[in-house]
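Asker: Below: one structure in structure tokens.
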Amino acid sequence: LPPTTHVTVIGGGLAGCEAAFQLAARGVDVTLYEMRPAVEGPAHYTGDLAELVCSNSFKSTDPGTAPGMLKTDLEALGSVTLACARMAAVPAGTALAVDRQAFSHAVETALVALPHLTLVRREVSDVPAEGPVIIASGPLTSAALEPAISRLVGSDRLAFFDAAAPIVDAATIDRAVCFAASRYDKGGGADYLNCPMDKAEYDAFIAALLAAARVNRRDFETDDLFQACQPVEEVARRGADAPRFGALKPVGLTDPRTGRWPWAVVQLRPEDRAGASYNLVGFQTNLTFPEQRRVFRMIPGLENAEFLRFGVMHRNTFVDAPRLLTSDLALRADPRVRLAGQLTGTEGYMEAAASGLLAALGTYAAMTGAPAVALPADTAFGALVAYATDPETADYQPMHVNFGLLPALEPHVRDKRARHAALADRGAASIRAFVASRPDLAFGVLAAAMGDRS
Ligand SMILES: Cc1cc2nc3c(=O)[nH]c(=O)nc-3n(C[C@H](O)[C@H](O)[C@H](O)COP(=O)(O)OP(=O)(O)OC[C@H]3O[C@@H](n4cnc5c(N)ncnc54)[C@H](O)[C@@H]3O)c2cc1C
């Protein structure tokens, strides 16, 4: 058993609950602080632990999808969140959807049953100066705590909203249409892929963009958002030509098939070093996801594009993880403190739970003098963490698990379904081998703690 040092976990959401459970179940004394119900959050409605702020879905269970692969990781690592979600499941085809109250109840029951866990309902405004700490206060971290986090990470490393452009799978971009070039051939290479538009294509695209359905944002999300970053449809609203003089400007981009600059150009920038995925430059957007798929597929070369993530714009407190965090989510500058959940810039309920689990394993390893924890990079969550904590990752925006982050298969498998199945098999084998290789991390506590209930 580990030494008696006590761990503080701040935030009783998806990440904080998972982290607190994993440590307390291993015999570590944990105090979990949750501000609700005394202090209300802008999107939470109850005082429940692990409240789902929006959808009641944990996405697909199909192992041949990235969310399905993530569940394989969580299963192997012994996630309490996943176990509780299964206990609270409602019929939803291949998705894992839950009765949200039953889910929160299951999580709270699992936590309060642990003798080493103390739940304190109080807003935290300072990070304890001693002992291991896991901060998991979420995308809507309370204003009282933000200055303390800012002091820890540096104010220039903390963002308060998320304005991310969509990302497409490189394999689904039509290279017969797009051409590789940098503007005026500067920078020595052809890093960008360029989707050329003639006038008719541009006009039709702008008309569709202006007519498309947008997400209704809630009040707390509208405050600072637009001042900082204009969505592409807002730019178009200023005048049909405005995007052509902004993100879609064609100057300096000669289409090799015509020898001329097109009327407008959508530029695609590589998202990862392997060039497995590209983002649409300047396309932060507030369109609904189905509308993004429909309208952005009007862009020449993207007719069959698969979206690895859609653009989003909402309030979101998160840190510049590539510059700040180690592979087990400790602050490089103060390894006593770990971050978990959306604060690290991972996005999604299950991703939050996974990062809580990883932060707990990292804390446990540090407390017991075990080697540091690094998840295999060919697992769904290991790949996401590798991306999020790689100092080479530029312009970091929140990200969920996706196939584009995984190392390529050798040799390449052409058929998509077969490729995804092979990636899933490789990841499943890796996470099981990882668990088997680390008996020092005391996997297996979930079954012991949950007994018949799981
Ligand atoms: C509006 C919104 C909708 C979302 N919808 C979805 C969705 O449908 N599906 C999906 O997969 N992801 C969604 N996400 C993204 C993300 O997966 C969730 O936000 C997820 O809950 C993040 O988990 P977390 O543990 O990091 O934060 P949370 O689950 O938000 O937990 C953080 C906890 O910390 C508490 N807290 C905050 N400050 C303090 C403090 N100072 N002291 C003590 N406690 C504090 C909060 O009350 C909260 O309980 C959404 C995000 C937002 C903002």
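Asker: Before we move on, is Asp272 buried (at least 16 other Cβ atoms within 10 Å of the Cβ), within 22 Å of the chain's Cα centre (by Cα) and modelled with pLDDT of 90 or more?
Answerer: So Asp272 fails the test.
Asker: Now for a different question. All but one of (1) open to solvent by 10 Å² or more (accessible area, probe 1.4 Å); (2) within 16 Å of the ligand (Cβ to nearest atom); (3) over 17 Å from the mean Cα position of the chain (by Cα) hold for Pro335, so report the exception by its number.
Answerer: The one condition Pro335 does not meet is (2).
Asker: Go through (1) at pLDDT 95 or above; (2) touching a Leu at 6+ places or on another chain (Cβ under 8 Å) one by one and return the number of the condition Ala113 breaks.
Answerer: (2)
Asker: May I ask you to list the residues in segment 94-136 that are among the acidic types (Asp, Glu) and within 14 Å of Glu51 (Cβ to Cβ)?
Answerer: The answer is Asp99, Glu108.
Asker: Looking at Gly12, Gly16, which one is within 9 Å of the ligand (Cβ to nearest atom), within 24 Å of Arg86 (Cβ to Cβ) and assigned to a helix (DSSP H, G or I)?
Answerer: Only one candidate passes the filter, namely Gly16.
Asker: Residues being touching an Asp or Glu at 6+ places or on another chain (Cβ under 9 Å) and of a type in the set (A, V, I, L, M, F, W, C): count how many of those fall in segment 104-123.
Answerer: Here the count works out to 4.
Asker: Same structure, new question: Let me confirm something: among Ala89, Ala85, Ala50, Ala66, which residue is among the hydrophobic types (A, V, I, L, M, F, W, C) and either within 9 Å of the ligand (Cβ to nearest atom) or touching a His at 6+ places or on another chain (Cβ under 7 Å) (or both)?
Answerer: Ala50
Yes or no, residue by residue, for (1) farther than 20 Å from Glu75 by Cβ; (2) within 16 Å of the ligand (Cβ to nearest atom); (3) in contact with a Ser or Thr (Cβ under 7 Å, 6 or more places away or on another chain):
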{"residue": "Ala353", "(1), (2), (3)": "no, yes, yes"}
{"residue": "Ala360", "(1), (2), (3)": "no, yes, no"}
{"residue": "Thr379", "(1), (2), (3)": "no, no, yes"}
{"residue": "Ala386", "(1), (2), (3)": "yes, no, no"}
{"residue": "Thr389", "(1), (2), (3)": "yes, no, yes"}
{"residue": "Leu406", "(1), (2), (3)": "no, no, no"}
{"residue": "His412", "(1), (2), (3)": "yes, no, no"}
{"residue": "Ser437", "(1), (2), (3)": "no, no, no"}
{"residue": "Gly444", "(1), (2), (3)": "no, no, no"}
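Asker: Within the group Ser142, Ser182, which residue is more than 23 Å from Thr5 (Cβ to Cβ), touching a residue at least 60 places away in the same chain (Cβ under 8 Å) and out of contact with any Ser or Thr (no Cβ under 6 Å at 6 or more places or on another chain)?
Answerer: Testing whether each residue is more than 23 Å from Thr5 (Cβ to Cβ), touching a residue at least 60 places away in the same chain (Cβ under 8 Å) and out of contact with any Ser or Thr (no Cβ under 6 Å at 6 or more places or on another chain) leaves just Ser142.
Asker: Can you spot a residue in segment 368-377 that is among the polar types (S, T, N, Q) and either more than 29 Å from Glu234 (Cα to Cα) or in a helix (DSSP H, G or I) (or both)?
Answerer: Within segment 368-377 (the criterion being among the polar types (S, T, N, Q) and either more than 29 Å from Glu234 (Cα to Cα) or in a helix (DSSP H, G or I) (or both)), the answer is yes, since at least one residue qualifies.
Asker: Can I ask one more? Go through segment 19-35 residue by residue and tally those that are touching a His at 6+ places or on another chain (Cβ under 9 Å) and either open to solvent by less than 10 Å² (accessible area, probe 1.4 Å) or more than 14 Å from the ligand (Cβ to nearest atom) (or both).
Answerer: The number of residues fulfilling the criteria is 8.
The values are calculated or read from the model by the stated rules, or taken from the named source; none is laboratory data. Given the structure is predicted, the values throughout are model-derived calculations rather than measurements. Ideal geometry is used to build each Cβ from the backbone, glycine not excepted, and the neighbour counts take in all protein chains shown. Just so you know, the surface numbers come from the protein's heavy atoms only, side chains and all, with ligands and any DNA or RNA stripped out. Shrake-Rupley method; radii C 1.70, N 1.55, O 1.52, S 1.80 Å.
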